[in-house]
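Shown next, in structure tokens, is the structure this report addresses.
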Amino acid sequence: SAKTAGKHDYRFFDARFYDAIRARHSREAELRHAVDQDQFVMYYQPRVDISTGVTCSMEALVRWAHPNRGIVEPVEFVPLAEESGLIVQLGELVIDKVCAQLAFWLSRGQELVPVSINVSARQFNEARVAERLSEALQRHQVPAHLVEIELTESSMTGDCQEVSEALKAIQAMGINLAVDDFGTGYSSLSQLQRLDFDVLKVDRAFTAELEATREGAVFFNAIITMAHALGMRVVAEGVETMEQVRKLKELQCDEVQGFFISTPLPPSESQPILPKRLFSWVN
Ligand code: C2E
Ligand code: MG
Ligand code: MG
Ligand code: MG
């Protein structure tokens, strides 16, 4: 009867519900173990000055070196790390790894560009990021100007007072601040100005629009004009074609980053791009 069928359906969804909870618990337990064991490595993706073609900075992007699955990308574990709070401990590992890598390159007498580190909103709320950074720089003997912090627009919507104080402390150490994924959140222009960001990274959705629609260039142009008026450098994220580079140069964008230039690379392969390697489109 309809009644039993209904009951059956209910049980079916019930079981599915508990399966989902079990799956999530085991994924979280596995991630916790990975953080405890430190199964993570950093990849580095260059940022290039659009007018000179010179590598001016690199972004550190975390990867899970999974014992069975190989290199796992952040999309598969950063959201869970954020939800579970594990991002705080993972974030500390990341800061330490980047500083250790910089110290290693410095010890080789390598010419260096600054490296940017992605920091999550939860790290600002639950960990003393400014102190963690200062400790790590001290421990590895790395000068603060070699490190930059990226935080997404959405991290600035929470308790603004606390975040802005942490950001001021970080800047006072000599670390540059970048807004990540700009255009996807809801930060106000006054917020960006008050927090005195150095760099504005425009989300790759806007870069993709450059070729797709006429309005794409209009939006990008407005963002660049606004950012320059506030004294920020502008980085276009997700640059995948020469045509995008050409348009961004026309719009006086400062830097480009994306697969067209280079995918994120493991440290062994990032070394060749460190000595301010020149990219070819300028010549
Ligand atoms: P994000 O900080 O905006 O980093 C840019 C992402 O876009 C990277 O993905 C990068 O590999 C990818 N990307 C770069 N160029 C292109 C391109 O031309 N086309 C396309 N389609 N994608 C491009 P990834 O490494 O998978 O990282 C994803 C996100 O995970 C990052 O976005 C960041 O929000 C987060 N994440 C990565 N590493 C860390 C970390 O150490 N800590 C924290 N809190 N978050 C991290
Ligand atoms: Mg980033
Ligand atoms: Mg981004
Ligand atoms: Mg992005």
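Descriptive notes on the structure:
- Expected 222 nm ellipticity per residue - DSSP helices of 4 or more, -39500 (n - 2.57), all of the chain, to 500: -15500 deg cm²/dmol
- Looking at the range 14-108, the accessible area is 48 square angstrom per residue; that uses a 1.4 Å probe and ignores ligands, DNA and RNA.
- Most simply put, the chain has about 45% antiparallel DSSP beta bridges, counting only bridges with both residues inside it.
- Label-zone membership for the range 13-51, site Arg108, 7 angstrom Cα→C-beta point, backbone N under 14 Å: 44
- Rolling a 1.4 Å probe over the protein heavy atoms gives the range 117-259 an accessible area of 47 Å² per residue.
- The range 133-177: translational diffusion in µm²/s, Stokes-Einstein, Kirkwood Rh over Cα pairs, 20 °C, 1.002 mPa s: 189 µm²/s
- Per residue, the Cα convex hull of the chain amounts to 174 Å³.
- Extension reserve of the Thr263-Glu215 stretch, reckoned as 0.36 nm per residue once the Cα distance is removed: 14.5 nm
- Loop-located trypsin sites (Lys or Arg not before Pro) in the range 119-172 (DSSP state other than H, G, I, E, B) with a sparse environment of at most 13 neighbouring Cβ atoms within 10 Å: Arg128.
- The charge dipole of the chain, taken about the Cα centre with unit charges on the Cβ atoms of Lys, Arg (+1) and Asp, Glu (-1), comes to about 460 debye, rounded to the nearest 20.
- Sulfur and carbon atoms: percent of accessible area, the chain [1.4 Å]: 52 percent
The values are calculated or read from the model by the stated rules, or taken from the named source; none is laboratory data. These numbers come from a predicted model, not from an experiment. All Cβ positions, even for glycine, are placed from backbone atoms using ideal geometry, and neighbour counts span all protein chains on display. In case anyone asks, the SASA skips ligands and DNA or RNA and just uses the protein heavy atoms, side chains included. Shrake-Rupley method; radii C 1.70, N 1.55, O 1.52, S 1.80 Å.
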